[in-house]
Structure formats: C-alpha cells, structure tokens
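Asker: Before I ask anything, here is the structure I am working with.
The values are calculated or read from the model by the stated rules, or taken from the named source; none is laboratory data. Bear in mind that the values here come from a model prediction, so they are computed numbers and not experimental data. So basically every Cβ, Gly included, is an ideal-geometry build from the backbone, and we count neighbours across all protein chains shown.
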Amino acid sequence: MDNTKNTDIKSLNIEELTEYIELIGEKKFRAKQLYEWMHVHLARTYDEMTNLSKKLRDDLSKNTDYVSLNIEDLQVSKLDGTRKYLFALSDGNCVESVMMRYKHGISVCISSQVGCKMGCSFCASTIGGFIRNLTPSEMLDQIYAISRDSGERVSNIVVMGTGEPLDNYDNLLKFIEIITDENGLNISRRNITVSTCGLVPKIYDLADENLTITLALSLHASSQAKREAIMPVAKTYNIEDVVKAMEHYANSTKRRITYEYTLIAGVNDSSDDANELANLIGKQPCHINLIPVNPVTENNYRASDTDAVLAFKKKLEKNAINVTIRREMGRDIDGACGQLRRKHMKNNTTVMKEG
C-alpha cells in the first residue's frame, strides 16, 4: 500500500490491516487489537479503543475513514418484534436493514447498494433508480449497528435488501470474508444467504469461489415471457439459462439452492404457472419460497389470496418439490425492501447525488 490517506479501514481484512499498520510505523500486534475493536467489540469510534495510544488514535482519525452508521429511523413491529432500520451514510444517502427474530436465532437482512438498477416492477427498492454500491464496511456496519442497538448477537445474514449483490461482486466477497473471519464475528458461511435476480456470469463466478453460502434466485415467474414482463433482467438472461446456472451452483458447492417466487394475483399464481414452474425446476436440489407480494403504492399489484397460495404450494408439492410459504415479518411496518427508504426520500427534499 502506498497511500494511507482516506483508507476505508473497516473494509480491510486482517492481512491488509497489518500491512497498513506497519506502513505507518506501528508494531504488528496493533493490527490485531484494532481489528478486534472494529469487528468483535463493534466500536463506534477510535475513542473507544482504550488500549491504543492517543497518538495512534489521532493519526487514524486524520488519515482514515471509519464507517459507523447512524440510525436515521427505526420501526418496531408490534406483531412480531421485527425491527426495520434506516441508516444514514456519510454522503447523505440512506440504506435500510431488517432484524428478525426466529426460534433459531437473530436474522438480519442487509442492503448491498443504494438504490437498484434492476427495475423489477413489484419492488420498491428500484424506485428512484441506482445511486451507488455500498462498500464492505457499509455492509458490515449494518450488522454491527443492529447488534449494538439491540444488544443481541446476529446468527444469520441475508443479503436480500436493497440492491443486487452480484452487481457489487468484489465488495460482496470482501464483506463475506470479514464477517466470517474467525478473528471477527466469525459467522458461519452456511448461515449466509445471498439473493440475486439472476446475473448469470456472476453466478458461475460465485460457484468457483466455493464459499458454501446459500444462493437464492429471485425467480418470480415460470416462463420467459412472464419474467420479462416483471423483471427487465430477463431480457438479458434467459430464464432457462438462469436456472441452469443455479443448478451448476448447487452441483459445484453441494449446497441446496433457493428459488424466491413472489405471488402476484392474476399475474403468476395460476395452476398453469405452478405446473410450468415444476417443469422448469425439475429435480434440482432446491427449496422454493413462496412470497405473497408486498403492496407498493407505485404499482397496482395485489397479493394472491390464501386459497391461491395454498393451491400453488400443493401443486408444487405433488411434483416432489420442497416448498414453504414465507412467514410475513413486520407486516405492520414498512417491512418490504425499499419501503422505509422510499418514505424517507418522499419526506426529504435533499437531492441524492451519485457517488
């Protein structure tokens, strides 16, 4: 490293941090202390790092960027305790995350981008377009900030909030490396799920990484024509090619894949859709997650009624497909991806500039 100015220090892995510390003339063991303060103790500022000298803390404050997200808004569900966070970034943008309590532990859904360029017609995340990628530190600190605020350890991570994770590929990989590092929070890779709308080349790249994380595909249609109608990405990547890439991921990593299927009344929830979906998936080692669409003001989509959802599920099960209906969390708050940020944007006249 030849430039110590404005180093995004929380985005450095332990080897990079050690190199940086030695570069500025400090002893090697300081790197481990600093790393633990950031990724184990979840320190908000350098001032909390009491076993580092004041001179080192002052130098770090002057020459590095230390990402520590501020809570702009917080909604807590009275139904199930789901917590929806809106975090303010240093450039004036905002991102949102969701904390959900399950019997198996605390799960956090984080964002990977500010806005989204994928344009899925049923999703609030894409309204207003794409602003920029999140850095590894901004992805990490969504989890850290939630842990600090709730006082609870996060056991499962889902990269399924605003943005397309595979469109922010390198930062996603660095995030996974640090969050699973035994020197940090040491979250198991098997407890991490990454959701994609289907960037086929990146799915193959991710398979080659052999990270043993769960990969979920936002499928949402049983045919190419219907997928194109609600997901512009389908015009670039054919539905059969996307499913083939997912099967490759499953075979390469020996990990069961997940297909997310949002049920929209009168659009993709018929008996024929269920049969087409079963034929499309075939005998893959997969799980299908059925999700009644979350209403968004900017479109007229309605969630399929209970009978239609159960009939769709039954049809898939008859084809020996593992399927569940997603438990709706935070229904009484802005629980769906992009909704809280969208509300904030409407109420705030600040112009969001592309970074």
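Asker: Can you list residue pairs whose Cβ atoms sit under 8 Å apart, with the first residue in the stretch 179-208 being surrounded by fewer than 16 Cβ atoms within 10 Å (Cβ to Cβ) and the second being acidic (Asp, Glu)? Count only pairs 6 or more apart in sequence or on different chains.
Answerer: ASN183/GLU36
Asker: Any chance you could count how many residues in the stretch 204-223 are within 16 Å of SER121 (Cβ to Cβ) and part of a helix (DSSP H, G or I)?
Answerer: 0
Residues checked against (1) at pLDDT 95 or above; (2) under 18 Å from THR324 (Cβ atoms); (3) buried (at least 20 other Cβ atoms within 10 Å of the Cβ); (4) not assigned by TED's automatic domain parsing to the domain that holds ALA207:
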{"residue": "ALA229", "(1), (2), (3), (4)": "no, no, no, no"}
{"residue": "TYR237", "(1), (2), (3), (4)": "yes, no, no, no"}
{"residue": "GLU240", "(1), (2), (3), (4)": "yes, no, no, no"}
{"residue": "HIS248", "(1), (2), (3), (4)": "yes, no, no, no"}
{"residue": "LEU277", "(1), (2), (3), (4)": "yes, yes, yes, no"}
{"residue": "LEU280", "(1), (2), (3), (4)": "yes, no, no, no"}
{"residue": "GLN284", "(1), (2), (3), (4)": "no, yes, no, no"}
{"residue": "LEU290", "(1), (2), (3), (4)": "yes, yes, yes, no"}
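Asker: Hey, another quick one. Which strands (runs of 3 or more DSSP E) sit wholly inside the stretch 104-194 and have at least 1 residues that are among the small types (Gly, Ala, Ser) and more than 24 Å from VAL76 (Cβ to Cβ)?
Answerer: By residue number, 113-115.
Asker: Here are GLU48, GLU15: which of them is touching a His at 6+ places or on another chain (Cβ under 9 Å) and either surrounded by fewer than 19 Cβ atoms within 10 Å (Cβ to Cβ) or more than 21 Å from ASP181 (Cβ to Cβ) (or both)?
Answerer: That would be GLU48, the only listed residue that is touching a His at 6+ places or on another chain (Cβ under 9 Å) and either surrounded by fewer than 19 Cβ atoms within 10 Å (Cβ to Cβ) or more than 21 Å from ASP181 (Cβ to Cβ) (or both).
Asker: Tell me, which residue of the stretch 261-277 that is in contact with a Leu (Cβ under 9 Å, 6 or more places away or on another chain) and of a type in the set (A, V, I, L, M) is farthest from ASN300 (Cα to Cα)?
Answerer: LEU277
Asker: Looking at LYS10, LYS28, which is the one that is surrounded by fewer than 12 Cβ atoms within 10 Å (Cβ to Cβ) and either among the basic types (Lys, Arg) or touching a residue at least 60 places away in the same chain (Cβ under 8 Å) (or both)?
Answerer: Unique residue meeting the criteria: LYS28.
Each row is one residue, and each column tells you yes or no for (1) over 31 Å from the mean Cα position of the chain (by Cα); (2) assigned to a helix (DSSP H, G or I); (3) of a type in the set (S, T, N, Q); (4) modelled with pLDDT under 95.
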| site | (1), (2), (3), (4) |
| --- | --- |
| ASP2 | yes, no, no, yes |
| GLU22 | yes, yes, no, no |
| GLN33 | no, yes, yes, no |
| ARG44 | no, no, no, no |
| ASP73 | no, no, no, no |
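Asker: Does the stretch 294-302 contain any residue that is surrounded by fewer than 20 Cβ atoms within 10 Å (Cβ to Cβ) and in contact with an Asp or Glu (Cβ under 6 Å, 6 or more places away or on another chain)?
Answerer: Within the stretch 294-302, not a single residue is surrounded by fewer than 20 Cβ atoms within 10 Å (Cβ to Cβ) and in contact with an Asp or Glu (Cβ under 6 Å, 6 or more places away or on another chain).
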